[in-house]
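Visitor: The structure under discussion is supplied below as structure tokens; questions concerning it will follow.
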Amino acid sequence: MCGTCGCSDPSNVTIDDGRGVHTHILADGTEVTHSHERGGSQHHAHEHGGSQHHAHEHGGSQHHGHEHGGSQHHAHEHGGSQPHTHHSDRSIAPAHDTTLITLEQRVLAKNERLAERNRAFFLGRKLSVVNLMSSPGSGKTCLLERTLTELRPHVDVAVLEGDQETSNDAARLRQTGAPVVQINTGTGCHLEADMVWRGLSQLDPPAGSTLFIENVGNLVCPALFDLGEHARVVLFSVTEGEDKPVKYPHMFRRADLVLLTKTDLLPYLEFDLDRAHSSITEVAPDAEVLQLSTKSGEGVDAWVQWLKRLSRETVGR
Amino acid sequence: MHELSLTQSIVATCERHAEGQPVKRVMLKVGRLAGVELDALRFCFGVCSEQTLLREATLEIEEIPGLGECQQCHQRVDMDRLIAVCPCEKRARLRLVAGDEFMIQAIEV
Ligand SMILES: Nc1nc2c(ncn2[C@@H]2O[C@H](COP(=O)(O)OP(=O)(O)O)[C@@H](O)[C@H]2O)c(=O)[nH]1
Ligand SMILES: [Mg+2]
Ligand SMILES: [Zn+2]
């Protein structure tokens, strides 16, 4: 969240392209863009793009247009026995009565629709998109730093960097020369498809590139939110318990690739590799598994090859 | 806690369908393997429904137990946690038949 901005809703999402342009997304979806003078004082006024107002239009009286997807009609089942008539598909029940409105609507449907829109964008741009997920500290940013450096001579790269607060990781990654946009989720513990969409408009990734999305460090929440990515890569370091995958099955079960990271530390630990592998197999039998150490470089080449193959498969090059 | 953003989405959807009328009940269907904590969901619902048409609404959650079906032996397996492989000899993949639902069934206005 922007410390200098008046918006105090803790669930605000901010997007920072590293050039001082800054977009806030309020909880109700209102978008507010402004620029900060880089390196300026902590406290400064800013103009909010265009409309100036932080008007929050809340549901209620706003637009009542609703799309009923195919089979979703408003079936009304009335608890009481008194029959009454309906005008249109909207029921107007007598004040003393109650009306049951059947929705049968999946809660994640909206995110999935927005993920579909991302997928269409990725297809149009011929992007190969990787969603990197793990607990905090498993080594996502370090691996990305190294990966960007290795890939850049061969493939264009771009990064959407998700964290609750700070642009530290984005700043680290920009040193590789790759375009990076930071998405701060505030209290939000995961990225959602619409945050990625908004990040994309600032990132403007080059056609044919490999786009990395570093999700917020968390093994629970990001698992449920499709971002439209081509591959889900879950990192799991040897300093974590061997049974992490079984403990966090939602995250691991849809992984396309599991990376066992920090293998340079194995000699100093009592980490049972066989147990780790069987834990992965138990929840994600179809996932590929690679072991690597960003520090020593062991296994990094296989990961880079995996990315190049993904890029060839998705982009068709 | 992803339950917060999920609950915000539930409240927004219910408000849209309530069309200005106060909501008395919200009925959800949540599978035990959906990756959603019911206590967190209830807590967030209390917070998110304040100052909305749902502020008086009671939240009713129908829980759906996890059920898998083996792709080889076709037996049905109760799943109290997400497992991918059938306990049978073939150790074949289990297909999730039920338990990952997360739906707004209905609202009462
Ligand atoms: N020994 C060792 N440490 C690593 C390795 N990769 C990352 N680290 C350390 O792990 C910590 C967290 O790394 P970071 O990339 O920031 O993790 P993230 O939170 O997943 O992005 C840092 O202190 C890194 O130096 C590795 O391959 N070997
Ligand atoms: Mg990081
Ligand atoms: Zn079986």
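Visitor: For segment A:111-315, count the residues as N, evaluate 2.2 N^0.38 Å, and divide the Cα radius of gyration by that value, please.
Guide: Taking N as the residue count of segment A:111-315, the ratio is 0.95.
Visitor: In degrees, nearest 10, range 0 to 90: what is the angle between the Cα axis of helix B:38-49 and the longest Cα principal axis of chain B?
Guide: Roughly 20 degrees, rounded to the nearest 10.
Visitor: Lysines near A:K110 by alpha-carbon distance under 19 Å, same-chain residues fewer than 8 away left out - which ones?
Guide: B:K29
Visitor: What do you get for the angle between helix B:3-18 and the principal long axis of chain B? Use alpha-carbon atoms, 0 to 90 degrees, nearest ten.
Guide: Around 60 degrees separate the two axes.
Visitor: For segment A:177-237, just run the numbers: alpha carbon Rg, then divide by 2.2 N^0.38 Å, N being how many residues it has.
Guide: Output field value: 1.14.
Visitor: At 7 Å along the Cα-to-beta-carbon direction for both B:E50 and B:D80, put a label point, then send me their distance in nm to one decimal.
Guide: Going by the 7 Å Cα→Cβ label model, 3.7 nm.
Visitor: Could you name the lysines in cross-link range of A:K244, using Cα to Cα under 20 Å and dropping any fewer than eight places away on the same chain?
Guide: A:K140, A:K262
Visitor: Would you mind telling me the share, in percent, of accessible area of segment B:2-108 contributed by carbon and sulfur at probe 1.4 angstrom?
Guide: Working: 2370 of 5190 Å².
Here carbon and sulfur together make up 46 percent of the probe-accessible area.
Visitor: Quick one: buried accessible area between B and A, total over both chains, 1.4 angstrom probe, nearest 100 Å²?
Guide: 3200
Visitor: Under a 1.4 angstrom probe, counting protein chains only, how are A:Y248, A:Y268 ranked by accessible area, largest first?
Guide: Order by accessible area, largest first: A:Y268, A:Y248.
Visitor: A further question on this structure: Take the alpha carbon atoms of segment B:1-42, find their center, do the same for segment A:233-282, and report the distance between the two centers in whole angstrom.
Guide: Rounded to whole Å, the Cα centres lie 33 Å apart.
Visitor: Relative contact order (percent) for chain B, with alpha-carbon contacts under 8 angstrom and 6 or more residues of separation? All intermediate terms of the calculation are to be shown ahead of the outcome.
Guide: Numbers: 206 pairs, mean separation 39.3, N = 109.
Once normalised by length, the contact order is 36 percent.
The values are calculated or read from the model by the stated rules, or taken from the named source; none is laboratory data. No experiment lies behind these values; they were computed from the predicted model shown. So basically every Cβ, Gly included, is an ideal-geometry build from the backbone, and we count neighbours across all protein chains shown. We work out accessible area using only protein heavy atoms, side chains counted, and drop any ligands, DNA or RNA first. Shrake-Rupley method; radii C 1.70, N 1.55, O 1.52, S 1.80 Å.
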